[in-house]
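A short worksheet on the structure shown next.
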Amino acid sequence: MKRLLVALLVALPLDAWAAEPVAQAAAAPAVGSVGGQLTQLMLGLLLVVGLIFALAWLMRRVQSAGAGNGQVIEMIGSRALGPRDRLVLVQVGEEQILLGITPGRITPLHVLKTPVDVAETKAATPEFAQRLMELLGKDQKDKK
């Protein structure tokens with residue numbers, strides 16, 4: 001019982017002392033103006049947004065520097081069969097594999113016995129681009 005009374009007497013002045021600074025801080029007037037507080041808020045916000053952009057740029061630089069160093073699988077070409085289906089030719093080491101890709105599955109269709117040489121195949125212009133070039137060529141000839 002004596003220990004409890006001593007603990008209460010010791011704790012009472014500490015609580016009273018702790019409450020005084022809080023009351024003084026609440027009663028103290030604001031030092032800065034509203035304009036100063038808004039300026040400080042905007043500078044802090046700009047600092048955080050700038051830091052986010054700087055970190056994103058740094059991550060992009062780090063990821064691009066590491067890419068290509070250990071790539072074993074390389075995509076040679078692809079062809080869309082439908083809105084969600086594709087044929088993809090992939091080279092893994094010395095082998096080339098034709099893959100069928102659908103939304104829920106990737107299926108190896110064929111392993112090529114003789115690899116397709118990418119340098120030998122001429123760059124095929126897509127039909128739309130070829131047609132657009134023809135139309136622009138005709139328009140330029142008509143204007144001359």
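Throughout, read-outs are computed from the coordinates displayed, never taken from laboratory work. It should be emphasised that the depicted structure is a prediction, and the values quoted were computed from it without experimental measurement. Ideal geometry is used to build each Cβ from the backbone, glycine not excepted, and the neighbour counts take in all protein chains shown.
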TODO: Compute the Cα gyration tensor for region 73-137, then decide on rounded, prolate or oblate, letting a ≥ b ≥ c be the square roots of its eigenvalues: rounded whenever a/c is under 1.5, prolate when a/b is larger than b/c in the other cases, and oblate in all that remain.
DONE: oblate
Open item on the list: Need the full-extension length gain, residue 79 to residue 136, defined as separation in residues times 0.36 nm minus the C-alpha distance. One decimal, nm.
Closed with: 17.9 nm
Task: Dipole magnitude (debye, nearest 20) for region 73-137, charges at Cβ of Lys, Arg, Asp, Glu - done: 300
